[in-house]
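Step one of this worksheet: look at the structure below.
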Amino acid sequence: MAQWATFAGVTGVVLVLLLVLSHLTQSAFSDDDSTASDGADTASPQSASASSARDDSPEFDSESDRRDSHDPAAPADGEAGGADSSAGADADTDAETAAESESDATADRDGRSAAPDRPTTANDPTTSERAVGPQRTESPSDPARITEPGAHSDGRPQQELDPRSLSAGELLANVALSQGLFASVLLGAVLYTGIPVGALGIEFSTAFLRQGLVLGTAAGLVLYAANEIGAAAATHIGFDHDERLRTLLAPDTTWEWLVLLAFVLPLIAGFEELLFRAALIGALSTGFGVDPWLLAIVSSIAFALGHGMQGSVGILVTGLLGFVLAAVFVVTGSFLVVFVAHYLINALEFVVHEGLEFDWAETLES
């Protein structure tokens, strides 16, 4: 006898874990964006300070004053007087230079600093040569200070894993591992609890296979076009549609494209349809007698929340797409139809946007 309650409990746990993982991924991107924004904001005061220091530095003014005061062509009270003063100034300068050279040589022999009262700064080369270890400024808001490893410039702990630092292959492996693990748990629960495969919309017949391929392909093409037009229209109005995750998952090599299209995307479509349509609608409606259309609404909301990385537009469009897939599942009773449709939608998005670099939003605007 099927253990419907146990299967429902396992399904609920998998759903919660998936939503938590989606939220953590979204938070990782948000934290990385805020860190980059903070770095950009603090860079401006530093540049302004450096520019101000260069503009206000007395060194250049004194150099200019010395050049003007020692310039033989500088205006004088009389030609003879100007020549005499210029010659006297040159003689005084030579004498001062000789005296300074003798003082420097004496200081070097005694091991003393030639300018003991000169304040040391962070830009002093002699100070930098003697410095050992990280140097910190007194101001905690100085963006140029050196921080300890694993911390941001403002002292906040750095994320242990930045999704942007991973290659496309590593991200594909990570997605495949997580989705495959969740799918394995669900399939194991089906076998352990004895849930009939018919309740999940699965049959083993030629008619089932033919129906799934034909109807699934037709539904996938129509839903893909509607999904793209809806997302482009919402973006044109001004809603946010975040496509960073898809861009990060975009393959770089032919081998990665093969892995994506032949393994990762089928795995994603299979797991999500098994969870959101077969388990949450098919199994629960069969085992507990719940109206499948009510479960279709609940599963579509959960499906939308699981795609929070795509922004407000992504949540809205994905929610509507999830409900249409749920309706197709309720009407046809076939897991294969929604699986094929879901796979085609995802595959066409990658091929069109990342492979062909075609943007629906720009095309509709033009």
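The values are calculated or read from the model by the stated rules, or taken from the named source; none is laboratory data. Only a predicted model underlies this, so the values are computations on that prediction, with no experimental measurement involved. Glycine gets a Cβ as well: all are built from the backbone with ideal geometry, and neighbour counts include every protein chain shown. Ligands, DNA and RNA are excluded from the accessible area calculation, which covers all protein heavy atoms including side chains. Shrake-Rupley method; radii C 1.70, N 1.55, O 1.52, S 1.80 Å.
Test A233 against the stated conditions and say whether it is open to solvent by 20 Å² or more (accessible area, probe 1.4 Å) and within 19 Å of G314 (Cβ to Cβ).
On the way: open to solvent by 20 Å² or more (accessible area, probe 1.4 Å): yes; within 19 Å of G314 (Cβ to Cβ): yes.
Answer is yes for this residue.
Filtering the stretch 202-221 to residues that are surrounded by 14 or more Cβ atoms within 10 Å (Cβ to Cβ) and part of a helix (DSSP H, G or I) leaves F208, Q211, G212, L215, G216, T217, A218, A219, G220, L221.
Out of F208, F263, F271, report the one residue that is of a type in the set (F, W, Y) and within 17 Å of L321 (Cα to Cα).
Numbers: F208 fails: within 17 Å of L321 (Cα to Cα); F263 fails: within 17 Å of L321 (Cα to Cα).
Being of a type in the set (F, W, Y) and within 17 Å of L321 (Cα to Cα) holds for just one of F208, F263, F271, which is F271.
Would the stretch 246-253 turn up any residue that is at pLDDT 75 or above, over 22 Å from the mean Cα position of the chain (by Cα) and among the charged types (D, E, K, R)? The answer is no; no qualifying residue exists.
Counted as qualifying within the stretch 264-359 are the helices (runs of 4 or more DSSP H) with 2 or more residues that are open to solvent by 20 Å² or more (accessible area, probe 1.4 Å) and among the aromatic types (F, W, Y), namely 335-349.
Each residue in the stretch 1-15 was checked for being in contact with a helix residue (DSSP H, G or I) (Cβ under 7 Å, 6 or more places away or on another chain) and open to solvent by 40 Å² or more (accessible area, probe 1.4 Å), and 4 pass.
If you check L215, L221, L249, which single one turns out to be in contact (Cβ under 8 Å) with a residue 12 or more places away in the chain and either of a type outside the set (A, V, I, L, M) or closer than 25 Å to T25 by Cβ (or both)? Spell out the reasoning first.
Details: L215 fails: either of a type outside the set (A, V, I, L, M) or closer than 25 Å to T25 by Cβ (or both); L221 fails: either of a type outside the set (A, V, I, L, M) or closer than 25 Å to T25 by Cβ (or both).
Going through L215, L221, L249 in turn, just one is in contact (Cβ under 8 Å) with a residue 12 or more places away in the chain and either of a type outside the set (A, V, I, L, M) or closer than 25 Å to T25 by Cβ (or both): L249.
Considering the conditions (1) of a type in the set (G, A, S); (2) at pLDDT below 95; (3) open to solvent by 30 Å² or more (accessible area, probe 1.4 Å), A176 is excluded by exactly one of them, (3).
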